[in-house]
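**Q** Okay, handing you the structure first.
The values are calculated or read from the model by the stated rules, or taken from the named source; none is laboratory data. Keep in mind that this is a model prediction, so the values were computed, not measured. Note that each Cβ is placed from the backbone with ideal geometry, even for glycine, and that neighbours are counted across all protein chains shown. For the accessible areas, the whole protein counts, side chains as well, though only heavy atoms, and no ligand, DNA or RNA atoms are used. Shrake-Rupley method; radii C 1.70, N 1.55, O 1.52, S 1.80 Å.
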Amino acid sequence: MSKLLIVEDEEKIARFVELELVHEGNEVDKAFDGRTGLDKALTGDYDLILLDVMLPGLNGMEVLRRLRQEKETPVIMLTARDAVMDKVSGLDAGADDYITKPFAIEELLARIRVALKKRIHTSTKVSNKIFIKNVLLDEDRHEVSVNGELIDLTNREFMLLQTLMKNKNIVLDRETLLNTVCGYDYIGETNIIDVYIRYLRTKIDDRYNIKLIQTIRGVGYAIKDDLS
Ligand code: CA
């Protein structure tokens, strides 16, 4: 059984999600504004927090920022449709995942399961290092190594790989990746992402004979570990 906190001012949504989570055997706590949510998140011992971005009092981004100064509790952000910027800044601010409203409850539950599983698998990891299939990405040192060998990546290749690894097991579309790698104001074809993916594959997948980056046809790319 896991203990979850829902921070969401739309009480109908909060209650609906609560019901589903309780039905799955979890313990659920709720907060209807950012300030209360932050207080609960800081003082309570939660396995996962569902955090809406648009909140009265303190918005979700600010709640996340303040929470991350103290704790590493996994957070899934609830963002408005098409708010790519929210998604990316949420991830930058330390969110583990995001889901777009309106969402299908099955998808939310699936993402919650992944986030909870991830928490278990990463609880022993050294912070800011991500390790998947012999590939180690060190965010502090801005380095990537495979089997202990340093890989020479450009800044954009690094950012792309970092985004995919941080969101492992989640399929990211080209637009989301493009915003991460080229910035929000970049005007251009999303197929530039395919080019960067090809560079990464040459430098990592092909060279070390591993299947790291997966193409999800018609959607985008994902890096999956063997644990899920
Ligand atoms: Ca809201």
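**Q** Are there any chymotrypsin sites (Phe, Trp or Tyr not before Pro) in the stretch 149-210 that are in a DSSP loop and have at most 15 other Cβ atoms within 10 Å? List them by number. Don't skip to the answer; put the middle values down first.
**A** Details: sites: F158, Y184, Y186, Y196, Y199, Y208; in loops: Y184, Y186.
Sites meeting the loop and neighbour criteria: Y184, Y186.
**Q** A follow-up question, please. May I ask you to compute the full-extension gain from T190 to N155, defined as 0.36 nm times their residue separation minus their alpha-carbon distance, rounded to one decimal in nm? Let's see the in-between values first.
**A** On the way: separation 35, 0.36 × 35 = 12.60 nm, distance 1.79 nm.
Between T190 and N155, full extension yields an extra 10.8 nm.
**Q** Could you give me the percent of Cα pairs per 5 Å distance bin for the chain, shortest bin first, beginning at zero and ending with the bin that holds the maximum distance?
**A** 1, 6, 14, 18, 19, 16, 12, 7, 5, 1, 0
**Q** Going through the cross-link list K71/K168; K40/K118; K118/K166; K12/K71; K71/K129, which pairs have a Cα-Cα distance over 19 Å in this structure?
**A** Working: K71/K168 21 Å; K40/K118 22 Å; K118/K166 11 Å; K12/K71 28 Å; K71/K129 17 Å.
In this structure, K71/K168; K40/K118; K12/K71 lie more than 19 Å apart at Cα.
**Q** Going by alpha carbons, how many degrees (0 to 90, nearest 10) lie between the helix axis of 11-23 and the longest principal axis of the chain?
**A** 80 degrees
**Q** Please list, in order along the stretch 99-105, the HN-Hα scalar couplings obtained from phi with the Karplus expression 6.51 cos²θ - 1.76 cosθ + 1.60 (θ = phi - 60°), rounded to whole Hz, x for Gly and Pro.
**A** 9, 8, 7, x, 10, 7, 4
**Q** Roll a 1.4 angstrom probe over the protein heavy atoms and tell me the percent of accessible area of the chain that is carbon or sulfur.
**A** 49 percent
**Q** Using the heavy atoms of the protein chains and a 1.4 angstrom probe, tell me the accessible area per residue for the chain in square angstrom. Could you put the intermediate results ahead of the total?
**A** Numbers: 11850 Å² over 228 residues.
Accessible area per residue: 52 Å².
**Q** Compute the acute angle (0 to 90°) between the alpha-carbon long axis of helix 155-166 and the principal axis of greatest extent of the alpha-carbon atoms of the chain; round to the nearest 10°.
**A** 50 degrees
**Q** Here is a further query. Going toward the positive end of the dipole of the stretch 6-82, with +1 on Lys and Arg Cβ and -1 on Asp and Glu Cβ, which of L58, A80, T36 do you reach last?
**A** Working it through, the farthest residue towards the positive pole turns out to be L58.
**Q** Can I ask one more? All other residues with a Cβ under 14 Å from the Cβ of G57 taken together, and with Lys, Arg as +1 and Asp, Glu as -1, what is their net charge? Before the final figure, lay out the partial values.
**A** On the way: positive: R35, K40, R66; negative: E8, D9, D33, D39, D52, E62.
With Lys, Arg at +1 and Asp, Glu at -1, the neighbours total -3.
**Q** Restricting to the chain, compute how many DSSP beta bridges are antiparallel as a %, nearest 5. Mind dumping the intermediate values first?
**A** Details: 17 of 34 bridges.
Just about 50 percent of them are antiparallel.
**Q** Also: What is the angle, in °, between the Cα long axis of helix 34-43 and the longest principal axis of the Cα atoms in the chain? Nearest 10 is fine, range 0 to 90.
**A** The angle comes out at about 80 degrees.
**Q** Next up: Evaluate E = 1/(1 + (r/R0)^6) for D140 and R201, where r is the Cβ-Cβ distance and R0 equals 30 Å; express this FRET efficiency to the nearest 0.05.
**A** The pair D140/R201 has a calculated efficiency of 0.75.
**Q** Over the alpha-carbon set of the stretch 1-97, divide Rg by the Kirkwood Rh and report the Rg/Rh ratio to two decimals. Could the numbers behind the result be given before it?
**A** Values: Rg = 12.3 Å, Rh = 13.1 Å.
Reported Rg/Rh (Cα atoms, Kirkwood Rh): 0.94.
**Q** What is the dipole size for the chain, taken about its Cα centre, with +1 at each Lys and Arg Cβ and -1 at each Asp and Glu Cβ, in debye to the nearest 20? Can you show the working numbers first?
**A** Numbers: 33 positive and 40 negative charges, 121 e Å.
The calculation lands at about 580 debye.
**Q** Okay, moving on. Which percent of the Cα-Cα distances in the stretch 4-57 go past 12 Å? Don't skip to the answer; put the middle values down first.
**A** Working: 840 of 1431 pairs.
Summing the P(r) of the stretch 4-57 above 12 Å gives 59 percent of all pairs.
**Q** If you don't mind, there's one more thing I want to ask. If the cut-off is a Cα-Cα distance under 16 Å, which lysines reach K203, setting aside same-chain residues fewer than 8 apart in sequence?
**A** Here the lysines satisfying the reach criterion relative to K203 are K133, K211.
**Q** For the pair E106 and R65, how long in nm is the line joining their label points, each one 7 Å along Cα→Cβ?
**A** 3.8 nm
**Q** Report the full-extension gain for the segment V219 to K12: residue separation times 0.36 nm, less the Cα-Cα distance, to one decimal in nm. If you can, show how the numbers build up before the last one.
**A** Details: separation 207, 0.36 × 207 = 74.52 nm, distance 3.12 nm.
Additional length available on full extension: 71.4 nm.
**Q** For the pair D39/D92, report the inter-label distance in nm, with labels modelled 7 Å from Cα in the Cβ direction.
**A** 3.1 nm
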